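Chemist: Here it is, the structure, as structure tokens.
The values are calculated or read from the model by the stated rules, or taken from the named source; none is laboratory data. Only a predicted model underlies this, so the values are computations on that prediction, with no experimental measurement involved. Note that we place each Cβ from the backbone using ideal geometry, even for glycine, and neighbour counts take in every protein chain shown.
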Amino acid sequence: MTPLLESYAHCRRATRHHARSFYFASHALPYPKRQAAYAVYAFCRHADDLLDERDVSQASGQIAYEQELRALLNRLYDGSETSLPFGPAFHETIRQFNIPIQPFEDLVHGVCLDQQPIQIRDWPELRNYCYHVASVVGLVMCPILGLQNPAAEAQAIELGIAMQLTNILRDIREDLERGRTYLPADELALFQVTPADLAHGHVTPQFVEFMKFQIERARDFYRRSEAGIPALTADGSQLTVWLMRTIYAGILDEIEQARYDVFSKRAAVSTLRKLRLAWTAWHQCHQGG
């Protein structure tokens, strides 16, 4: 096996292990696009893992880490980075699909926003965070998925926001344990959800109303994102995005079925339900939404 094929194989294993929903959806893609998607994920995963190894609790640490990641990104783009197992696959991916560096630079900044402690103040700050950690990944994927109308990048951004909001609602307990509160402080106050309620995992009537509001916000972004899917190549790329949109939105259903108790158990879509949702996504794709 050549070094490039070994690198792609590493990226595939990392995606399969750490991003099961994405890996499931990726099988609708043609092989070259699938490999490229895994390479993109491998970089994102490496950036996250590197963050966990660094002390970025201070501003100086965050700046140093961001500079380190930007330097790595530049080496990956010019092909001089050969020590990382995903490097050759990543370099070939950005070359083959002509992916601009700017979305990756925005992603680097977004990863650096995940410093402890985190307390999001309001919706504009949360939306900005969602853009930098999720929407930019959608922008990176647009050349891979064959986006034919640049105006549809707006819908890629909206889908990223929807998916990150879903992650945040699913992971409230885990994030609190890490000193991170991505729920807007002003909206928590508006719904009379206290820090003590969150810390003790109290599913109060106020918390339920807060969650209903947040879930509807996420679903609105999912709905708005659908208009951009037909602008992708009809080679499995559209179906892949429908799969991701449908399966991730299914997490919101699971939260509702658990009566909004995201503290006792992490909401997840079972393999059987993913298969059922895959049929729904296929139907949506072939019916034009």
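Chemist: Within region 249-270, track down each residue that is part of a helix (DSSP H, G or I), within 30 Å of residue 235 (Cα to Cα) and without any contact (Cβ under 8 Å) to a residue 24 or more places away in the chain.
Modeler: So in region 249-270, the residues part of a helix (DSSP H, G or I) come out as 249-257.
Checking which are within 30 Å of residue 235 (Cα to Cα) leaves us with 249-253.
Selection gives 253 alone.
Chemist: Can you tell me which residues in region 201-234 are over 17 Å from residue 165 (Cα atoms) and either over 21 Å from the mean Cα position of the chain (by Cα) or surrounded by fewer than 22 Cβ atoms within 10 Å (Cβ to Cβ) (or both)? It would help to see each step written out before you state the result.
Modeler: The initial filter retains those residues of region 201-234 that are over 17 Å from residue 165 (Cα atoms), namely 201-206, 227-234.
Matches in region 201-234: 201, 202, 203, 204, 205, 206, 227, 230, 231, 233, 234.
Chemist: I've got another one for you. Can you tell me how many residues in region 141-174 are closer than 30 Å to residue 264 by Cβ and acidic (Asp, Glu)?
Modeler: Qualifying residue count for the region: 2.
Chemist: Please note which helices (runs of 4 or more DSSP H) are completely contained in region 113-218 and include at least 3 residues that are under 30 Å from residue 236 (Cα atoms). So that I can check it myself, show each step before the final result.
Modeler: Values: elements: 123-130, 136-144, 153-170, 172-177, 185-190, 195-199.
Because the criterion is at least 3 residues that are under 30 Å from residue 236 (Cα atoms), the helices (runs of 4 or more DSSP H) in region 113-218 that meet it are 123-130, 136-144, 153-170.
Chemist: Do we have any residue at all in region 204-218 that's of a type in the set (Asp, Glu) and closer than 18 Å to residue 149 by Cα? Break it down into steps so the answer makes sense when it comes.
Modeler: First, the residues of region 204-218 that are of a type in the set (Asp, Glu): 209, 216.
From the residues that got through so far, the ones that are closer than 18 Å to residue 149 by Cα too are none.
No, region 204-218 contains no residue that is of a type in the set (Asp, Glu) and closer than 18 Å to residue 149 by Cα.
Chemist: Would it be correct to say that residue 246 is without any contact (Cβ under 8 Å) to a residue 60 or more places away in the chain, assigned to a helix (DSSP H, G or I), of a type in the set (Ser, Thr, Tyr) and buried (at least 17 other Cβ atoms within 10 Å of the Cβ)?
Modeler: Numbers: without any contact (Cβ under 8 Å) to a residue 60 or more places away in the chain: yes; assigned to a helix (DSSP H, G or I): yes; of a type in the set (Ser, Thr, Tyr): yes; buried (at least 17 other Cβ atoms within 10 Å of the Cβ): yes.
For residue 246, the condition - without any contact (Cβ under 8 Å) to a residue 60 or more places away in the chain, assigned to a helix (DSSP H, G or I), of a type in the set (Ser, Thr, Tyr) and buried (at least 17 other Cβ atoms within 10 Å of the Cβ) - is met.
Chemist: Consider residue 253 carefully, then state whether it is assigned by TED's automatic domain parsing to the domain that holds residue 135, among the acidic types (Asp, Glu), surrounded by fewer than 22 Cβ atoms within 10 Å (Cβ to Cβ) and in contact with an Asp or Glu (Cβ under 9 Å, 6 or more places away or on another chain). Let's see the steps before the verdict.
Modeler: Details: assigned by TED's automatic domain parsing to the domain that holds residue 135: yes; among the acidic types (Asp, Glu): yes; surrounded by fewer than 22 Cβ atoms within 10 Å (Cβ to Cβ): yes; in contact with an Asp or Glu (Cβ under 9 Å, 6 or more places away or on another chain): no.
No.
Chemist: In region 5-16, how many residues are surrounded by 14 or more Cβ atoms within 10 Å (Cβ to Cβ) and more than 21 Å from the chain's Cα centre (by Cα)?
Modeler: Total satisfying the criteria: 2.
Chemist: Looking at 234, 189, 227, 196, which is the one that is modelled with pLDDT under 95 and in the same structural domain as residue 130 (by TED's automatic domain parsing)? Write out each step before concluding.
Modeler: Values: 189 fails: modelled with pLDDT under 95; 227 fails: modelled with pLDDT under 95; 196 fails: modelled with pLDDT under 95.
Matching residue, one of 234, 189, 227, 196: 234.
Chemist: Among the residues of region 17-32, which ones are surrounded by 15 or more Cβ atoms within 10 Å (Cβ to Cβ) and either free of Cβ contacts under 8 Å to residues at least 60 places away in the same chain or touching a Phe, Trp or Tyr at 6+ places or on another chain (Cβ under 8 Å) (or both)? Spell out how you get there, then give the answer.
Modeler: Restricting attention to region 17-32, the residues satisfying the condition of being surrounded by 15 or more Cβ atoms within 10 Å (Cβ to Cβ) are 18-26, 28-29.
Those that are surrounded by 15 or more Cβ atoms within 10 Å (Cβ to Cβ) and either free of Cβ contacts under 8 Å to residues at least 60 places away in the same chain or touching a Phe, Trp or Tyr at 6+ places or on another chain (Cβ under 8 Å) (or both): 18, 19, 20, 21, 22, 23, 26.
Chemist: Right, another one. Among 48, 78, which is charged (D, E, K, R) and under 22 Å from the mean Cα position of the chain (by Cα)?
Modeler: Numbers: 78 fails: under 22 Å from the mean Cα position of the chain (by Cα).
Step by step, each of 48, 78 is checked, and only 48 is charged (D, E, K, R) and under 22 Å from the mean Cα position of the chain (by Cα).
Chemist: Here's something else I'd like to know. Residues in region 116-142 that are buried (at least 18 other Cβ atoms within 10 Å of the Cβ) and over 24 Å from residue 218 (Cα atoms): how many?
Modeler: Result for region 116-142: 0.
Chemist: Also, I was wondering about something else. For region 82-109, name all the residues that are under 14 Å from residue 8 (Cβ atoms) and assigned to a helix (DSSP H, G or I).
Modeler: 87, 88, 89, 90, 91, 92, 93, 94, 95, 96
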